[in-house]
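The values are calculated or read from the model by the stated rules, or taken from the named source; none is laboratory data. Note that the structure is predicted; figures quoted are calculated from it, not measured. Cβ: placed from backbone, ideal geometry, glycine included. Neighbour counts: every protein chain shown.
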Amino acid sequence: MAMEVIPTGAALGAEVRGLDLTGPLDAEAFDALQQAWYDHSVLLFRGQSLSDDALIAFSENFGALDIAPASATDMAGTQEKSRPEIWIISNVVEDGKPIGALGDKEAEWHTDMSYVAEPPMASVLHSLEIPKAGGDTSFGNMYKALETLPDDLRREIENRIANHDSSMTSVGELRAGAGAVVDVRNAPGAKHPMVRVHPATGGKALYLGRRMNGYVEGMDVAASEKLLDALWAHCTKPEFTWTHQWRVGDLLIWDNRCTIHRRDSFNGSERRVMHRTQIKGGVPV
Ligand code: SIN
């Protein structure tokens with residue numbers, strides 16, 4: 001069956017049909033897939049059933065993998081991972097220990113692991129168990145957010161660097177080993193340009209990481225807060241976003257260089273189990 005790419009009709013995202021991701025992809029199929037990914041920034045595959053080894057093998061078509069990120073303090077050492085590259089995202093608790101990260105809470109808008117010097121260029125998320133309602137994941141198109149940014153805001157971020165805080169997870173929990181941030185000017189993390197150029201597409205995208213503890217270098221704190229609030233209000237407008245409602249067997253790959261994402265909360269008495277990989281990226285420029 002030939003590969004078919006069906007755009008969501010929203011600001012980003014497309015569903016790819018006709019590919020079985022459990023086996024190797026030939027060079028022609030991979031080139032077509034990679035181009036579709038560059039064109040739509042997020043790709044959805046339905047009806048997949050990948051072991052962790054197969055998830056890693058599929059992800060490695062795009063590049064070498066990062067190991068999974070640090071989770072919240074109360075999870076330190078609790079994840080029973082099959083491989084260090086697999087990040088388990090789950091609310092399930094077994095024998096009194098969470099089997100994964102992020103629980104059942106809302107995860108705020110963010111791009112993955114931008115608090116490190118070389119953040120992963122992509123993330124691949126595969127759904128194994130899904131609650132009846134909630135837990136939807138939304139994506140935002142940061143090329144479009146930048147293109148449509150009002151001139152005054154665009155001038156304010158030109159050649160600016162922002163710090164991407166590493167202390168908190170996207171559900172607002174302190175990471176293992178992190179201390180609470182009292183002054184955003186001293187928050188731990190990584191400093192990146194606020195506008196980055198995608199190394200493959202050449203497109204320019206707004207690059208913000210996450211709102212929590214963000215700081216625009218060289219500004220006084222009040223001015224930095226005001227600017228970041230205005231940028232986040234702009235880039236999360238519905239016209240730049242698309243929301244995915246999960247089914248078991250879905251697999252999404254998203255491009256962290258030009259997108260943001262968030263997750264809805266869900267009923268914690270139901271199970272949600274997802275396995276994620278992170279594909280290595282370079283220094284954002
Ligand atoms: C994430 O990678 O930020 C989690 C997304 C999700 O749980 O749907």
Please go through region 142-164 and pick out each residue that is of a type outside the set (A, V, I, L, M) and either within 16 Å of the ligand (Cβ to nearest atom) or buried (at least 22 other Cβ atoms within 10 Å of the Cβ) (or both). ASN163, HIS164
For the condition touching a residue at least 12 places away in the same chain (Cβ under 8 Å) and either surrounded by fewer than 22 Cβ atoms within 10 Å (Cβ to Cβ) or more than 14 Å from the ligand (Cβ to nearest atom) (or both), what is the one hit in SER123, SER167? SER167
When restricted to ARG46, ARG83, the only residue at pLDDT 95 or above and among the basic types (Lys, Arg) is ARG46
Quick one: how many residues across region 126-141 are under 9 Å from the mean Cα position of the chain (by Cα) and surrounded by fewer than 22 Cβ atoms within 10 Å (Cβ to Cβ)? 0
Based on this model, can you work out whether THR277 counts as β-branched (Val, Ile, Thr), within 13 Å of the ligand (Cβ to nearest atom), in a strand (DSSP E or B) and in contact with a helix residue (DSSP H, G or I) (Cβ under 9 Å, 6 or more places away or on another chain)? yes
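Results for (1) of a type in the set (Val, Ile, Thr); (2) in a loop (DSSP other than H, G, I, E, B), shown as yes or no for each residue.
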site	(1), (2)
VAL182	yes, yes
ALA200	no, yes
ALA205	no, no
MET212	no, yes
ALA222	no, no
LEU227	no, no
GLY249	no, yes
ILE253	yes, no
VAL285	yes, yes
Please work out which one of (1) under 13 Å from the mean Cα position of the chain (by Cα); (2) within 13 Å of the ligand (Cβ to nearest atom); (3) buried (at least 24 other Cβ atoms within 10 Å of the Cβ) is the condition ARG272 fails and give its number. (1)
Output for region 275-285, where each listed residue is under 17 Å from LEU206 (Cα atoms) and surrounded by fewer than 21 Cβ atoms within 10 Å (Cβ to Cβ): GLY282, VAL283, VAL285
Specify the residue that is farthest from VAL195 (Cα to Cα); the eligible residues are those in region 223-250 that are among the aliphatic types (A, V, I, L, M) and more than 15 Å from the ligand (Cβ to nearest atom). ALA223
Please give the number of the condition LYS204 fails out of (1) within 16 Å of the ligand (Cβ to nearest atom); (2) at pLDDT 95 or above; (3) not polar (S, T, N, Q). (1)
Would you pick out the residues in region 184-198 that are in a loop (DSSP other than H, G, I, E, B) and out of contact with any Lys or Arg (no Cβ under 9 Å at 6 or more places or on another chain)? ALA187, PRO188
Looking only at region 120-140, how many residues end up being under 24 Å from ASN213 (Cβ atoms) and in contact with a Leu (Cβ under 9 Å, 6 or more places away or on another chain)? 5
Based on what the data block shows, is ARG262 of a type outside the set (Gly, Ala, Ser), under 26 Å from ALA36 (Cβ atoms), part of a strand (DSSP E or B) and in contact (Cβ under 8 Å) with a residue 60 or more places away in the chain? yes
Of the conditions (1) away from the ligand (no atom under 16 Å from the Cβ); (2) surrounded by 16 or more Cβ atoms within 10 Å (Cβ to Cβ); (3) at pLDDT 95 or above, the single one that ASP220 does not satisfy is (2)
Test GLU147 against the stated conditions and say whether it is of a type in the set (Asp, Glu) and over 24 Å from TRP242 (Cβ atoms). no
Please determine whether any residue of region 7-30 is part of a helix (DSSP H, G or I) and under 16 Å from the mean Cα position of the chain (by Cα). no
